[in-house]
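Q: Just passing along the structure, written as structure tokens.
The values are calculated or read from the model by the stated rules, or taken from the named source; none is laboratory data. Keep in mind it's a predicted model, so treat the numbers as computed, not measured. Neighbour counts run over all protein chains shown; Cβ positions are idealised from the backbone, glycine included. Only protein heavy atoms, including side chains, enter the accessible area calculation; ligands, DNA and RNA are left aside. Shrake-Rupley method; radii C 1.70, N 1.55, O 1.52, S 1.80 Å.
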Amino acid sequence: VMLKQPKRIILCEKDQTRRAFVNEHYPQVLTVAPEGLQKCVEENTDYGGADVVLEVAGAEKTFRMAWGNAIVTVVAMYEVSQVLPLPEMYGKNLTFKTGGVDGCDCDETLALIADGKIDTTPLITHTYPLAEIEAAYERFESRQGDVMKIVIK
């Protein structure tokens, strides 16, 4: 997102540890818990709403929070179908984009990392050998020890 040089980035995250991580590594990003999101958006945008929203959590509540007056890109995978409440959405000038995660941009992403334009090292909190991949998955799934991302060697 930062490569696109937006005026502001607001990250809504319920986990305080993850908000602290973002505050430490990306101080230009505003972080807020879900209960403070609406007020934060109103106070930190030019007209009280976002231009673009990335919905990556995949919960019914986060889907509902994502749309205001924006282009909404749904990256999340939901356990149940979401309903578009069209009467509530009327007049909001919404555009929804969605699709599965495919590898079509991997070359570009890897080139950006190789060129130093994207630094993924702060995200890697744990490293495991391939022989311990099961333990790595268990740790990631349970979020033991403030795990963010795990590298398998």
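Q: Just the number, please: Stokes-Einstein D of segment 42-108 in µm²/s, Kirkwood Rh from C-alpha pairs, 37 °C, 0.692 mPa s.
A: Numbers: Rh = 13.2 Å.
Estimated via Stokes-Einstein, D reaches 248 µm²/s.
Q: Run the dipole for segment 90-153 about the Cα centre, Lys and Arg Cβ at +1, Asp and Glu Cβ at -1, nothing else charged, and hand back the magnitude in debye, nearest 20.
A: Values: 7 positive and 11 negative charges, 64 e Å.
It comes to approximately 300 debye.
Q: Counting only helical runs of four or more DSSP H residues, what would the 222 nm mean residue ellipticity of the chain come to if each run contributes -39,500 (n - 2.57) and the total is spread over all its residues? Can you show the working numbers first?
A: Numbers: 6 runs with 48 residues, N = 153.
Calculated at 222 nm, the ellipticity per residue is -8500 deg cm²/dmol.
Q: Another question, if that's okay. Could you give the accessible area per residue of the chain, probe 1.4 Å, as a whole number in Å²? It would help to have the intermediate numbers written out before the result.
A: Numbers: 11320 Å² over 153 residues.
Accessible area per residue, the chain: 74 Å².
Q: Let me ask something else. Would you calculate the separation in nanometres between label points at residue 16 and residue 96, each defined as 7 Å from the Cα along the Cα-to-beta-carbon direction?
A: So the label points at residue 16 and residue 96 sit 3.5 nm apart.
Q: So, one more: Along the positive direction of the dipole of the chain (beta-carbon charges: Lys, Arg +1; Asp, Glu -1; about the Cα centre), which of 99, 32, 83 reaches farthest?
A: 32
Q: Excluding residue 44 itself, calculate the net charge of residues whose Cβ lies under 12 Å from the Cβ of residue 44, where each Lys or Arg counts +1 and each Asp or Glu counts -1.
A: Numbers: positive: 7, 8, 39; negative: 42, 43, 46.
Net of charged neighbours comes to 0.
Q: Determine, for each peptide in 70-80, 121-131, the mean count of other beta carbons within 10 angstrom over its residues, then list the peptides with the highest first. Intermediate values should be presented prior to the final figure.
A: On the way: 70-80: 14.2, 121-131: 11.9.
Result, highest mean Cβ count within 10 Å first: 70-80, 121-131.
Q: Kindly count the pairs of lysines across segment 12-153 whose alpha carbons are less than 28 Å apart, treating pairs on different chains or eight or more residues apart as eligible.
A: Eligible lysine pairs with Cα atoms under 28 Å apart amount to 16.
Q: How high is the relative contact order of the chain? Use alpha-carbon pairs under 8 Å, at least six apart in sequence, and give a whole percent.
A: On the way: 165 pairs, mean separation 20.9, N = 153.
14 percent.
Q: Can I ask one more? So if I place +1 on the C-beta of Lys and Arg and -1 on the C-beta of Asp and Glu, and nothing else carries charge, what would the dipole magnitude of the chain be about its Cα centre? I want it in debye, nearest 20.
A: The calculation lands at about 320 debye.
Q: Right, next: At a 1.4 Å probe radius, carbon and sulfur cover how many percent of the accessible area of the chain?
A: Working: 6100 of 11320 Å².
That fraction is 54 percent.
Q: Which of these values of Rg/Rh (Cα atoms, Kirkwood Rh) was calculated from the structure shown: (i) 1.01; (ii) 0.98; (iii) 0.95?
A: Comparing each candidate, only (ii) matches the computed number.
Q: If you don't mind, there's one more thing I want to ask. Working out 0.36 nm times the residue gap between residue 52 and residue 37, then minus their Cα-Cα distance, what length gain in nm do you get to one decimal?
A: Numbers: separation 15, 0.36 × 15 = 5.40 nm, distance 1.46 nm.
Separation in residues times 0.36 nm, less the Cα-Cα distance, equals 3.9 nm.
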